[in-house]
Amino acid sequence: MSVFAISLVQERTQGTYLRLRVAPITRPQILAGKGLGCFLTCCGLTAILVLFGKAVFQIRLLDPLGLALATAASAACFVGIMMFASVMGRTERAVGGSVWAINMPLAMLGGSMIPLVAMPDWMQVASNVSPVKWMVLSLEGAIWRGFSLAEMVQPCLILLGFGAVFYLVGLWILFRYDA
């Protein structure tokens, strides 16, 4: 994700973004192109990790369709976060630092470092603001918890909501930056 955010800054600092802006495409289309690359990379990496897990660790997938849904929702969420992070600075180093500053607290609060069940009650409630929690929940639901489609809807919609909000805020900041 950080590579895509930093590449957007590089395009701005090296003049590529200006050349794209004078082309007959809109700013949202420019960002959508970069976002599509990030989305496909996230989905591809998830597929590689799942295949590796199946081959090496004999992981069973309870719901491949649910896994596809969880993967797409998670990728969309993190594309939005990437778009937001890409406008948090004017240099590659600033955006690289922003990516860490955004992702580390989300990962810590979302259960990547300490499982949610081991967190105190107040921290479990606070974890609801982290898209990482909802990503983990949706992936677990499809891989080993056996969530029904109805149970998959909530975490996936929350991930899509996070992605949309981060994308729109990033787009707003970009429009202000370009003005």
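The values are calculated or read from the model by the stated rules, or taken from the named source; none is laboratory data. Because the structure is a prediction, the values reported are computed rather than measured. Quick reminder, even Gly has a Cβ in these numbers, built from the backbone with ideal geometry, and neighbours come from all protein chains shown.
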Has segment 114-126 got at least one residue that is modelled with pLDDT under 95 and in contact with a Lys or Arg (Cβ under 7 Å, 6 or more places away or on another chain)?
yes
What are the residues in segment 137-168 that are among the β-branched types (V, I, T) and at pLDDT 95 or above, if any?
V153, I158, V165
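Would you please name the residue that is surrounded by the most Cβ atoms within 10 Å (Cβ to Cβ), looking only at residues in segment 1-26 that are of a type outside the set (A, V, I, L, M) and over 24 Å from G97 (Cβ atoms)?
Taking segment 1-26 first, the residues of a type outside the set (A, V, I, L, M) are 2, 4, 7, 10-17, 19, 21, 24, 26.
With the extra rule that they be over 24 Å from G97 (Cβ atoms), the set shrinks to 19, 21, 24, 26.
Numbers: R19: 10, R21: 13, P24: 5, T26: 10.
Among those residues, the one meeting the criterion is R21.
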Tell me, which helices (runs of 4 or more DSSP H) lie completely within segment 4-105 with 1 or more residues that are in contact with a strand residue (DSSP E or B) (Cβ under 9 Å, 6 or more places away or on another chain)?
none
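Counting just the residues of segment 106-119 that are in a helix (DSSP H, G or I) and in contact with a helix residue (DSSP H, G or I) (Cβ under 9 Å, 6 or more places away or on another chain), which one comes out surrounded by the fewest Cβ atoms within 10 Å (Cβ to Cβ)? Before the answer, list the steps.
Going through segment 106-119, the residues in a helix (DSSP H, G or I) turn out to be 106-110, 116-118.
Imposing the further condition that a residue be in contact with a helix residue (DSSP H, G or I) (Cβ under 9 Å, 6 or more places away or on another chain) reduces the set to 106-110, 116-117.
Numbers: L106: 20, A107: 16, M108: 15, L109: 22, G110: 22, L116: 16, V117: 7.
It comes out as V117.
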In segment 128-179, what residues are polar (S, T, N, Q), surrounded by fewer than 21 Cβ atoms within 10 Å (Cβ to Cβ) and in a helix (DSSP H, G or I)?
N128, Q154
